[in-house]
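The values are calculated or read from the model by the stated rules, or taken from the named source; none is laboratory data. Note that the coordinates shown come from a computational prediction; the quantities given were computed from them, not determined experimentally. Methodologically, a virtual Cβ is constructed for each residue, glycine included, from the backbone with ideal geometry; neighbour enumeration extends over all protein chains shown. The protein model used for the area step is the full one, side chains on, heavy atoms only, and it has no ligands, DNA or RNA in it. Shrake-Rupley method; radii C 1.70, N 1.55, O 1.52, S 1.80 Å.
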Amino acid sequence: MSKRVSLGGVRAFWSFGKVIAGVALVMLLSASCYQPPWFATWYAAPQNYNILFLGIPVPPLTISNQSVRQIVHTSLGGNLIRVKLTNFFGTTPVTFGEAHIARSTGNGGVDLTTDHTLQFGGASSVTLAPGEERWSDPVSLQVPTHSDLAISLYIPLSTPVVTTHTIGMQTNYLSPGNQVGAATMSNPTTKTTYFWLSEVDASTVNPQDTVTDLAAHPYKVIVAFGDSITDGYGSTPDANHRWPNDLDNRIQTEAEDLGRVSVVNAAIAGNRWIYDGVGPAGVTRFAHDVAGVSGATHVMILLGINDIGIGELDPTQSVSADQIIAAMQATIAQAKAKRIKIYLATITPYNGASYYDAAGELKREAVNAFVRSDNGADGVLDFDQVVRDPSNPTAILPAYDSGDHLHPNDVGYQAIANSIDLGVLED
């Protein structure tokens, strides 16, 4: 005679198992009196929602008594997770009435057997003051490499949206009321923006680890830093075909030789070296968006095309090649001071783009000559040579062009990632 097991019993057993696993990790950490090394497994550089390309005004957005479910694609996995919420650019407090994390099942759904309430200092709600950022308490959650996680936030009060990451290239979901614990949120609208979410960290803790094992830091974290070409504009939405994703795929395939490496993306579409605008200037935000990323050991930088192009459109913000080079030199010094290996990329071609002109092209070529020189960086990423049209070197190869003659398509981004020598991680 067969035996039937109730669904409620299965759920109770699963929940009990999750509690036991979580308690085991907490006991391990308490016994060792040591915080395990965290490494970033996902990142989105914060920016001011109200400031866009060329100062174009943005209709104000307010969220009130709504839930935001945001999908993040991790790099290297782990079994202990924490999440950073941010009110970096906010001018008023932001209250999160409840926050959850779970494995995504696609299309805004989550696997409730993996659902956890995020706590902040033991509380399930948290208020961030203007400018404040806050880490959640650690959560015991098994997250394989290249997982999709859903982070759901409930915003109970009328709150103006200020701190975001605008060009997410990822569908996120906004629904009425508190639906953070729902398997699928009802009546959602979709956004491709990230709200008040900047970083997900992971760590790997094993019961057999000693304090000495935990104290070791076997991880490397590559931060990709730049503008829309690194942010993945022109790639297929929801497909993770930005060049840092493609690089990450290559690295994880070679994990046996390269060890534990995570790749995160700290680009901001529209960003520049010199002027604040879409995000703070690159030379000033390096401290937060590279050195401030958990476990950062390497940075790969592709930045400068907007300094040139916007400067040609707006003479009041025109910059010279020497100014861009000086910003690069200052950033090399910042990286060296933090013992972060730095790799500069040549600026890719843009003939045919809306802000292309001959004067700007001369600046691009001068900056690229500096990047290819003995400039003090740890290496050169010659992306210009990778994507340019051999018959017209000032333009992107048509097969790699997303259509605007500035941003690569999926094939172009893959070519960029394929050009990077993974040997840079062996040092």
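Which residues, counting only those in segment 323-339, are touching a helix residue (DSSP H, G or I) at 6+ places or on another chain (Cβ under 8 Å) and farther than 21 Å from VAL278 by Cα? Once the filter is applied, which keeps residues that are touching a helix residue (DSSP H, G or I) at 6+ places or on another chain (Cβ under 8 Å) and farther than 21 Å from VAL278 by Cα, segment 323-339 yields GLN334, ALA335. Got a number for residues in segment 312-355 being among the polar types (S, T, N, Q), assigned to a loop (DSSP other than H, G, I, E, B) and open to solvent by 60 Å² or more (accessible area, probe 1.4 Å)? Of the residues in segment 312-355, 1 are among the polar types (S, T, N, Q), assigned to a loop (DSSP other than H, G, I, E, B) and open to solvent by 60 Å² or more (accessible area, probe 1.4 Å). Before we move on, is THR95 assigned to a strand (DSSP E or B), surrounded by fewer than 22 Cβ atoms within 10 Å (Cβ to Cβ) and touching an Asp or Glu at 6+ places or on another chain (Cβ under 7 Å)? Criteria not met by THR95.
Is it the case that GLN70 is touching a residue at least 12 places away in the same chain (Cβ under 8 Å) and surrounded by 23 or more Cβ atoms within 10 Å (Cβ to Cβ)?
It is true that GLN70 is touching a residue at least 12 places away in the same chain (Cβ under 8 Å) and surrounded by 23 or more Cβ atoms within 10 Å (Cβ to Cβ).
Which residues, taken from segment 401-427, are farther than 17 Å from ASN245 by Cβ and outside any loop (DSSP other than H, G, I, E, B)? Matches in segment 401-427: ASP401, GLY423, VAL424.
In segment 98-115, the qualifying residues are those that are open to solvent by less than 20 Å² (accessible area, probe 1.4 Å) and assigned to a strand (DSSP E or B), and the one that is farthest from PRO37 (Cα to Cα) is GLY109.
For segment 142-162, a residue qualifies if it is surrounded by 18 or more Cβ atoms within 10 Å (Cβ to Cβ) and either closer than 16 Å to GLY181 by Cα or small (Gly, Ala, Ser) (or both), and the qualifying residues are SER147, LEU149, ALA150, ILE151, SER152, LEU153, TYR154, ILE155. The residues of segment 357-371 that are farther than 11 Å from THR394 by Cβ and within 27 Å of the chain's Cα centre (by Cα), listed by number, are VAL367, ASN368, VAL371. Among the residues examined, LEU118 qualifies as touching a residue at least 24 places away in the same chain (Cβ under 8 Å), crowded, with 22+ Cβ neighbours inside 10 Å and closer than 30 Å to GLN252 by Cα. Annotation: of all residues in segment 175-214 being open to solvent by 40 Å² or more (accessible area, probe 1.4 Å) and in contact with a Phe, Trp or Tyr (Cβ under 8 Å, 6 or more places away or on another chain), the one that is modelled with the lowest pLDDT is VAL211.
Of note, LEU153 does not satisfy the criterion of being in contact with a helix residue (DSSP H, G or I) (Cβ under 7 Å, 6 or more places away or on another chain) and either among the charged types (D, E, K, R) or at negative phi (or both). Among the residues of segment 260-274, none qualifies, meaning not one is buried (at least 17 other Cβ atoms within 10 Å of the Cβ), charged (D, E, K, R), modelled with pLDDT of 95 or more and within 24 Å of ILE151 (Cα to Cα).
A quick yes/no check of all residues on (1) part of a helix (DSSP H, G or I); (2) in contact (Cβ under 8 Å) with a residue 24 or more places away in the chain:
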{"site": "SER235", "(1), (2)": "no, yes"}
{"site": "ASN240", "(1), (2)": "no, yes"}
{"site": "GLU256", "(1), (2)": "yes, no"}
{"site": "TRP273", "(1), (2)": "no, yes"}
{"site": "PHE286", "(1), (2)": "yes, yes"}
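Taking residues in segment 363-385 that are of a type in the set (Gly, Ala, Ser), and partners anywhere that are open to solvent by 20 Å² or more (accessible area, probe 1.4 Å) and not in a helix (DSSP H, G or I), the pairs with Cβ atoms closer than 9 Å and at least 6 places apart or on different chains are ALA366/SER320; SER373/VAL380; ALA377/LYS341; GLY379/LYS341; GLY379/ASP421. Number of residues in segment 393-420 that are farther than 18 Å from ASP231 by Cβ and open to solvent by 60 Å² or more (accessible area, probe 1.4 Å): the value is 4. Within segment 360-392, being in a strand (DSSP E or B) and either open to solvent by 40 Å² or more (accessible area, probe 1.4 Å) or closer than 19 Å to GLU312 by Cβ (or both) holds for VAL380, ARG388, ASN392.
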